[in-house]
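Engineer: The structure's right below; bear with me while I get my questions together.
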2 protein chains.
Amino acid sequence: MENSRIVLVDDHQLIIDGLSRIIQEIPGFELVTSYHDPLEALQKIPVWKPEILMVDFEMPGLNGLELIRKLKQQIPELKTVLLTMHLDQATVKEALSLGVNAYILKNLDEFELRVALEKVSKGQNYYSAPVTEVLNSKSKSIQKSSNSQLDLLSGREREVLKLIAEAFSTKEIADQLSLEISTIETHRKSLMRKLDVHNVAGLVRIAVQEGLVS
Amino acid sequence: MENSRIVLVDDHQLIIDGLSRIIQEIPGFELVTSYHDPLEALQKIPVWKPEILMVDFEMPGLNGLELIRKLKQQIPELKTVLLTMHLDQATVKEALSLGVNAYILKNLDEFELRVALEKVSKGQNYYSAPVTEVLNSKSKSIQKSSNSQLDLLSGREREVLKLIAEAFSTKEIADQLSLEISTIETHRKSLMRKLDVHNVAGLVRIAVQEGLVS
DNA sequence: AATTTTCTCCCTGTTTTCGGGGAGGTTTAG
DNA sequence: CTAAACCTCCCCGAAAACAGGGAGAAAATT
């Protein structure tokens, strides 16, 4: 059986170097090349035709999910592994809807990386325990690992929050949604009540933390 | 000559695994142990008596610089290498004043890691080109490697921006810094002018994007 | 030594936010 | 079907943000 050809994209060269050594020691896998610039990766990966693409989520210019989305349009059969620093529900959900095959936290160890790669190459998916826990958010999550605060918002409220966090003024938001200013103000008040903050700064902060923007 | 004994602290196990392999390949150095929890590292490192300590800056609980500060009180002769994701002038300056022997960006490659370790073990210091450039901030850095928008802010402005992004009101910030409200308003206006935004939402967004908070 | 930037504070005035309500129609869930 | 939640819009008033300016003392650069 041939090795599975892997391409790695991470903006930190030192991490590429380290991961490449780990991958070298996993039988059946082969790192063919790597990129530290997501935009360069986007252009050149199609010519490599790798079987598996491993991408860091946090990158300047183009984040990992966007890179995967664009590459999947060109190479639908590409298998993808997302690497990330922190766990965040919005990102996990977006990754799933994109069909990412594995979601790996950087604080996992090399054994889990190996398991994940082997599963992915067989066409299966791999999501580590903390990840699946975030997904089954309907299950308890009463005191521990409470799911995102955004879950108690209505659709419209989330929409308004997103625009607030993008630094639009109330008037601009009203124009954009074809609503009255007073309506946006009502939504903003509901947002502050539900999220327990008392100014827009608090709203923006939560929106960014939860990955609603940027 | 004996090997230089290194201890590594990084909250991401995968990165520890990768770096340990790189260090293994550098002759004259030996990784004796590693920690992913800075608090555990703080307690146990003294018994290892390593020659060189490599620490990630971004860690939960206790950041790399604080860990170094506390350990240097116990082991003044300890040689220290700070690893970090992003370049930030305030951190660089604090690191220098702490006597950190090397400051390495994670987007550097393994060769530079090797050079840095060799210099440090000889009692010299290593600061990569981008780091020294940040220090001599008089050098323009005109088109390439343009640093963040925050670099055109003064120290006080950065401080105020941080507090704004943490959702404190103008009055609360004034109290915290023992300044008049009017002063904070002036700083806020300067921030908006320099960063080209027109409301707090825009300020918070930039602050979060640039890693000033959260 | 001279200039520029920073830091502090002030003034005036307009706009927006914030917190508290209410209210009517629609959608959703029990 | 009924109750709850959602969406829309309105009222009020106090507080804060926003925009423009000025100004003096201290610090940093040149």
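Engineer: Under a 1.4 Å probe, what is the accessible area of the protein assembly as shown per residue, stated in Å²?
Structural biologist: Each residue of the protein assembly as shown exposes 49 Å² on average to a 1.4 Å probe.
Engineer: Which aspartates and glutamates does residue A:72 reach when only Cα atoms under 19 Å apart count, and residues fewer than 8 places away in its own chain are ignored?
Structural biologist: A:10, A:37, A:40, A:51, A:56, A:58, A:94
Engineer: What are the residues whose amide H is under 5 Å from the amide H of residue B:31, where those residues sit 5 or more places off or on another chain and H is modelled from the backbone?
Structural biologist: Here B:6 satisfy the definition.
Engineer: Angle check, please: helix A:89-98 long axis (alpha carbons) against the longest principal axis of chain A (alpha carbons), in degrees 0 to 90, nearest 10.
Structural biologist: 60 degrees
Engineer: Right, something else. For B:29, A:168, B:57, give the ranking by accessible area with the largest first, probe 1.4 Å.
Structural biologist: So the residues, ranked largest to smallest area, are A:168, B:57, B:29.
Engineer: Sticking with this structure for a sec: For a bin width of 20 Å, list the pair-distance distribution of the protein assembly as shown built from all Cα-Cα distances, rounded to whole %.
Structural biologist: Histogram of Cα-Cα distances, whole percents per bin: 22, 54, 23, 1.
Engineer: Another question, then. Kindly express, to the nearest 10 degrees and within the range 0 to 90, the angle between helix B:155-165's C-alpha long axis and the longest C-alpha principal axis of chain B.
Structural biologist: Taking Cα atoms only, the helix is inclined about 80 degrees.
Engineer: Summarise the partner chain shielding of B:102-110 as one whole number: the mean count of Cβ atoms from other chains within 10 Å of each residue's Cβ.
Structural biologist: Mean shielding count: 4.
Engineer: So, one more: Would you calculate a helix-derived [θ] at 222 nm for the protein assembly as shown, using -39,500 (n - 2.57) for each DSSP H run of n ≥ 4 and dividing by the full residue count, to the nearest 500?
Structural biologist: That comes out to -15000 deg cm²/dmol.
Engineer: A further question follows. Using a 1.4 Å probe on the protein heavy atoms, what percent of the accessible area of chain A belongs to carbon and sulfur?
Structural biologist: 49 percent
Engineer: Further question: Output the relative contact order of chain A, whole-number percent, from Cα pairs under 8 angstrom with separation of 6+ residues.
Structural biologist: 14 percent
Engineer: Once R0 is set to 25 Å, what does the formula 1/(1 + (r/R0)^6) return for the Cβ-Cβ distance between residue A:149 and residue A:178, expressed as a FRET efficiency to the nearest 0.05?
Structural biologist: 0.35
Engineer: If we sort A:189-201, B:7-19, B:196-208 on the protection proxy, mean other Cβ atoms within 10 Å, highest first, what's the order?
Structural biologist: In descending order of packing, they fall as B:7-19, B:196-208, A:189-201.
Engineer: Sorted from shortest, what are the nm distances separating the label point of residue A:61 from equivalent points in the other copies, each placed 7 Å from Cα along Cα to C-beta?
Structural biologist: 3.5
The values are calculated or read from the model by the stated rules, or taken from the named source; none is laboratory data. Just so it is clear, the model here is predicted, and its values are computed rather than measured. Here Cβ is always computed from backbone atoms with ideal geometry, including for glycine, and neighbour counts include all displayed protein chains. Calculation scope for accessible area: heavy atoms of the full protein, side chains included, ligands and nucleic acids excluded. Shrake-Rupley method; radii C 1.70, N 1.55, O 1.52, S 1.80 Å.
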